[in-house]
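*Asks:* One structure coming up, written as structure tokens, with questions to follow.
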Amino acid sequence: MSIKLYGAVSSWNTLRARHALLEKGMTVEEISLNLSAQEQKRPDYLALNPFGKVPVLTEGDFTLFESRAIARYVAWKYSSLGKPLIPDVENSRSIALFEEAASIELTQFDHFAQPLVLKEIIARFQGKVVPEDEILPLLQTLNVNLDIIDRILSKQSFMAGRQYSLVDGFYMPLLHMLLKVGYQGLILERKHLKHWWETVSERPAWKEAVQPLNNLYDTF
Ligand SMILES: N[C@@H](CCC(=O)N[C@@H](CS)C(=O)NCC(=O)O)C(=O)O
């Protein structure tokens, strides 16, 4: 059954889902929405995702939204294609440790990185600079949390253990955006995080997945 991915070129959440599909070698029909024109709030799209956000995956009559859920679905359903990206559900300790790492990404990283990136992008499009008092609290927390993540990476090669997994892919879109909007130091000044980034960003599936977004934010 053919997979369709509803997304947007500018969207790092779409990138997360596209990347997971490409890691599994899937060819996907991507339907690009114009977010500025609010296409994601049209009734036919709200029938797919009532929150009016991208991405959405459809496969026949099956519909799924939330980029990390899409990535998990792809990793489970196509587990036989290529290397595993998620532990076997039967292995309770491995899956629990995977979920711990996935939760860290969402609560200790995305929660602070996403508003920082959004503020920077909106300000640049408006020709403005984000006021320091809006940035500093996010940056302070990110610095503390990335120090901890750097220590985790001093003991293991990847975010969820010894092998590349979906959790690495969960981090990559927003880390890429942090680099684009000028926060290179957050990543490149941390030894283990830098080494990890240099390794994972060389993955062919990532290079292909990030291309559309790279072209868009090239001027940043
Ligand atoms: N937690 C969701 C977030 C989805 C999301 O916020 N997508 C943004 C694009 S990166 C969007 O659709 N924005 C348009 C809007 O909010 O109207 C996911 O991971 O898929």
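*Asks:* So residue 79 clears everything in (1) surrounded by fewer than 19 Cβ atoms within 10 Å (Cβ to Cβ); (2) of a type in the set (S, T, N, Q); (3) part of a helix (DSSP H, G or I) except one condition, right? Which one?
*Replies:* (3)
A quick yes/no check of all residues on (1) among the hydroxyl-bearing types (Ser, Thr, Tyr); (2) in contact (Cβ under 8 Å) with a residue 12 or more places away in the chain:
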residue: 98; (1), (2): no, yes
residue: 103; (1), (2): yes, no
residue: 110; (1), (2): no, yes
residue: 117; (1), (2): no, yes
residue: 129; (1), (2): no, no
residue: 135; (1), (2): no, yes
residue: 144; (1), (2): no, no
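*Asks:* Hey, can you tell me all the residues within the range 1-47 that are more than 12 Å from the ligand (Cβ to nearest atom) and open to solvent by less than 60 Å² (accessible area, probe 1.4 Å)?
*Replies:* 3, 19, 21, 22, 23, 24, 26, 28, 31
*Asks:* Taking the range 48-73, which residues are near the ligand (Cβ under 10 Å from one of its atoms), hydrophobic (A, V, I, L, M, F, W, C) and part of a loop (DSSP other than H, G, I, E, B)?
*Replies:* Within the range 48-73, 51, 54 meet the criteria.
*Asks:* Looking at the range 193-204, can you tell me whether even one residue there is open to solvent by 10 Å² or more (accessible area, probe 1.4 Å), polar (S, T, N, Q), farther than 14 Å from residue 142 by Cβ and modelled with pLDDT of 95 or more? Show your work before the answer.
*Replies:* Taking the range 193-204 and keeping what is open to solvent by 10 Å² or more (accessible area, probe 1.4 Å), we get 194-195, 197-199, 201-204.
Among the residues that remain, those that are also polar (S, T, N, Q) are: 199, 201.
With the extra rule that they be farther than 14 Å from residue 142 by Cβ, the set shrinks to 199, 201.
Applying the additional criterion that residues be modelled with pLDDT of 95 or more yields 199, 201.
Within the range 193-204, one or more residues are open to solvent by 10 Å² or more (accessible area, probe 1.4 Å), polar (S, T, N, Q), farther than 14 Å from residue 142 by Cβ and modelled with pLDDT of 95 or more.
*Asks:* Consider the range 147-181. How many of its residues are more than 16 Å from residue 16 (Cα to Cα), in contact with a helix residue (DSSP H, G or I) (Cβ under 6 Å, 6 or more places away or on another chain) and either touching a residue at least 60 places away in the same chain (Cβ under 8 Å) or open to solvent by less than 50 Å² (accessible area, probe 1.4 Å) (or both)?
*Replies:* Summing the residues that are more than 16 Å from residue 16 (Cα to Cα), in contact with a helix residue (DSSP H, G or I) (Cβ under 6 Å, 6 or more places away or on another chain) and either touching a residue at least 60 places away in the same chain (Cβ under 8 Å) or open to solvent by less than 50 Å² (accessible area, probe 1.4 Å) (or both) in the range 147-181 gives 5.
The values are calculated or read from the model by the stated rules, or taken from the named source; none is laboratory data. Predicted, not measured: the structure shown is a model, and the values here were computed from it. Positions of Cβ are generated from backbone atoms using ideal geometry, with glycine treated the same way; all protein chains shown enter the neighbour counts. For the accessible areas, the whole protein counts, side chains as well, though only heavy atoms, and no ligand, DNA or RNA atoms are used. Shrake-Rupley method; radii C 1.70, N 1.55, O 1.52, S 1.80 Å.
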